[in-house]
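Novice: The structure under discussion is supplied below as structure tokens; questions concerning it will follow.
Bear in mind that the values in this text are calculations on the coordinates, not laboratory data. Predicted model, so just to flag it, every value in this text is computed and none were measured. Reconstructed Cβ throughout: ideal geometry from the backbone, glycine too, with neighbour counts over all protein chains shown.
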Amino acid sequence: MSSSVKVAVRLRPMNEREIAEGKLQVVQASPPDKTITTNRRNGNIVQRNSFKYNSVFSSFATQKQVFESTLKPMMRDVLDGFEITALAYGQTGKFML
């Protein structure tokens, strides 16, 4: 095992209020490319920025998919005696496996 930091990003779905107000999703996920793209309007110009991560999950990803891809592989290292830290930040949803 090598020491490293890996970052996974999961987008949240738009909430009911955002949908009712006709808001546009300003962040898109591309899981195959492992990128997140943000769109910001400045007058008539749309500014796009892309960011690359170790793993990217769209708002349609399930908790099980995120677990299987991120935390489950670390379990072997834990059982082999290595110390592991997993940090989750941001909004949470229902936990279902």
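Novice: Would you count, across the chain, every pair of lysines whose alpha carbons are under 23 angstrom apart, provided the pair is eight or more residues apart or spans two chains?
Specialist: 12
Novice: While we're on this one: At 222 nm, what value in deg cm²/dmol follows for the chain if DSSP H runs of at least 4 each add -39500 (n - 2.57) and the sum is divided by all its residues, to the nearest 500?
Specialist: So the calculated ellipticity at 222 nm is -5500 deg cm²/dmol.
Novice: Also, quick follow-up: Which FRET efficiency value, to the nearest 0.05, do you get for residue 55 and residue 21 by plugging their Cβ-Cβ distance into 1/(1 + (r/R0)^6) with R0 = 41 Å?
Specialist: For R0 = 41 Å, the calculated efficiency reads 0.85.
Novice: Among 20, 59, 30, whose Cα lies farthest out toward the positive end of the dipole of the chain, if unit charges sit on the beta carbon of Lys, Arg (+1) and Asp, Glu (-1)?
Specialist: About the Cα centre, the residue reaching furthest to the positive side is 20.
Novice: Shifting gears a bit: Please go through region 21-65 and write out the chymotrypsin sites (Phe, Trp or Tyr not before Pro) that DSSP classes as loop and that have at most 13 other C-beta atoms within 10 Å.
Specialist: Here the sparse-neighbourhood loop sites are 60.
Novice: Separate question: Given +1 on the Cβ of Lys and Arg, -1 on the Cβ of Asp and Glu, and no further charges, what dipole in debye does region 8-60 carry about its Cα centre, rounded to the nearest 20?
Specialist: Result for region 8-60 is approximately 180 debye, rounded to the nearest 20.
Novice: Also, quick follow-up: In region 8-79, which trypsin sites (Lys or Arg not before Pro) are in a loop and have at most 12 other Cβ atoms within 10 Å, using DSSP for the loop call?
Specialist: 23
Novice: Given labels modelled 7 Å from the Cα in the Cβ direction, how far is it in nm from residue 5 to residue 37?
Specialist: 2.7 nm
Novice: Given a Förster radius of 25 Å and the C-beta distance between residue 75 and residue 46 as r, what FRET efficiency does 1/(1 + (r/R0)^6) yield to the nearest 0.05?
Specialist: That gives a FRET efficiency of 0.05.
Novice: With +1 assigned to the C-beta of every Lys and Arg and -1 to the C-beta of every Asp and Glu, and no other charges, what is the dipole magnitude of the chain about the Cα centre in debye, to the nearest 20?
Specialist: Value, rounded to 20: 320 debye.
Novice: Any idea what the alpha-carbon Rg over 2.2 N^0.38 Å comes to for the chain?
Specialist: Compactness ratio reported: 1.31.
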